[in-house]
Amino acid sequence: MDKSMKILIVDDFSTMRRIIKNLLRELGYSNTLEADDGQTAWPLLRAGGIDLLVTDWNMPHMPGIELLRHVRADPNMRDLPVLMVTAEASREQIVQAAEAGVNGYVIKPFTAQTLEQKIEKIFERLALAG
Amino acid sequence: MDVSKPELREARLTMARELLYAIEIGDEPAARRSAEMIACAYGSEAWRELERIVTELRAVLSRVGPHGQAREYNGGEQDDAQMQLRQIIEITESAANSTLTAVETALPLAGGVMTLVENFRVKRGADLVPDRELDSLLNRVAGNAEALKAQLSEVLVAQGFQDLTGQIIRRVVELVRELEGHVARSGGPVRESLPTGLAESRSDRGRGPARPGDDDASVVRGQHDVDALLSDMGL
């Protein structure tokens with residue numbers, strides 16, 4: 001897996017962004033960007049160069065599910081891998097995210113190992129599909 | 001009550017005269033009855049106002065649950081808010097315990113490295129260090145460093161409590177704000193429903209962490225359940 005890939009972390013809680021950023025760095029991924037909700041993430045995504053989007057669901061202005069839908073609706077980003085890291089625990093929402101095209105779903109609280117496994121799984125699947 | 005009407009005014013005067021007479025003759029039970037009747041007559045307006053406020057609060061509580069869904073008011077919302085506040089205590093306690101456990105595990109590991117290095121220095125000073133002992137030292141130091149790193153990652157992940165408790169506190173704050181707004185506007189009409197689109201946006205915006213009272217069937221209990229559900233969907 002390309003450890004220099006650019007990862008955008010979107011979460012309204014700065015502590016959670018720091019946690020994910022540090023875990024990713026421990027896993028060897030240091031090229032990260034941050035945004036505090038879907039609205040601020042969108043211009044960063046539109047600017048291009050993002051290889052993986054890690055987003056929360058429950059955020060003000062533009063929630064993660066809406067950001068995911070925007071990404072899938074954009075011809076330039078529809079194949080962008082999206083990992084949702086969220087406390088949203090209802091089955092209905094997980095199905096909703098899957099139907100919207102999420103590539104992975106990590107429920108909070110999570111472990112470093114879970115995050116690593118899900119990222120690896122996403123890229124394994126994309127490699128098989130590609 | 002409008003006391004400008006002659007019949008009401010007369011009724012109040014009669015009650016007042018009866019109270020005065022009962023006091024004058026020392027008939028305490030009669031005086032008490034008259035006083036209660038007067039209080040009741042003058043208090044009915046206040047009671048009606050209070051009743052109206054309570055009705056409004058019930059209407060708000062029935063509409064503004066933490067998940068925004070319509071529910072019949074039965075007092076459960078306060079229980080729900082209390083349950084969520086208790087959940088904050090549990091989450092913070094769990095995070096504190098995880099952090100303490102990691103620190104308790106990490107401290108002896110760091111101490112072990114210091115002891116190993118100190119012993120090594122003593123032996124090196126006496127020129128008593130064979131190569132195999134040096135290899136052993138390096139292996140043990142590397143092992144301890146790896147274990148330390150794992151414990152520090154645990155401390156890192158445990159800080160996620162701030163996100164979870166923050167989301168729960170926001171839900172409670174939202175409920176309190178809605179109630180305050182209605183109390184402040186208690187002279188105004190009761191809203192029949194939430195503003196258009198708010199319920200939808202709440203659903204899309206997310207609900208936050210599952211609550212202890214949530215229906216088991218509708219909520220996953222951890223990453224294993226999420227993986228099983230997504231696997232069923234071919235993901």
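The values are calculated or read from the model by the stated rules, or taken from the named source; none is laboratory data. None of these values were measured; they are calculated from a predicted model. All Cβ positions, even for glycine, are placed from backbone atoms using ideal geometry, and neighbour counts span all protein chains on display. The accessibility values were calculated without ligands, DNA or RNA, using every heavy atom of the protein model including side chains. Shrake-Rupley method; radii C 1.70, N 1.55, O 1.52, S 1.80 Å.
Which trypsin sites (Lys or Arg not before Pro) does the stretch A:1-92 hold that lie in a coil by DSSP with at most 10 other beta carbons within 10 Å?
Those satisfying the criteria are A:3, A:78.
Sorted by accessible area (1.4 Å probe), largest first, how do B:94, B:153 line up?
If we order B:94, B:153 from most to least accessible, we get B:94, B:153.
According to a simple spin-label model (label point 7 Å from Cα along Cα-to-Cβ), what is the distance in nm between residue B:7 and residue B:134?
Label-label distance for residue B:134 and residue B:7, simple model: 11.4 nm.
Hey, quick one: spin label on residue A:1, modelled 7 Å out along Cα-Cβ, who in the stretch A:29-47 has an amide N within reach, i.e. under 12 Å?
A:29-30
Among the listed pairs A:6/A:121; A:21/A:118; A:6/A:108; A:3/A:108, which are separated by more than 19 Å between their Cα atoms?
A:6/A:108; A:3/A:108
Give, as a single signed number, the net charge of other residues whose beta carbon lies under 14 Å from the beta carbon of residue A:114, with Lys and Arg counted +1 and Asp and Glu -1.
-3
Taking the Cα atoms of chain A, what is the range of coordinates along each of the three principal axes, in descending order and whole Å?
31, 31, 28
Tell me the accessible surface of residue B:118 in square angstrom (1.4 angstrom probe, heavy atoms of protein chains only), to the nearest ten.
Roughly 90 Å² of residue B:118 is accessible to a 1.4 Å probe.
What relative contact order, as a whole-number percentage, does the stretch A:49-130 give when Cα pairs under 8 Å and 6 or more residues apart are counted?
The value is 27 percent.
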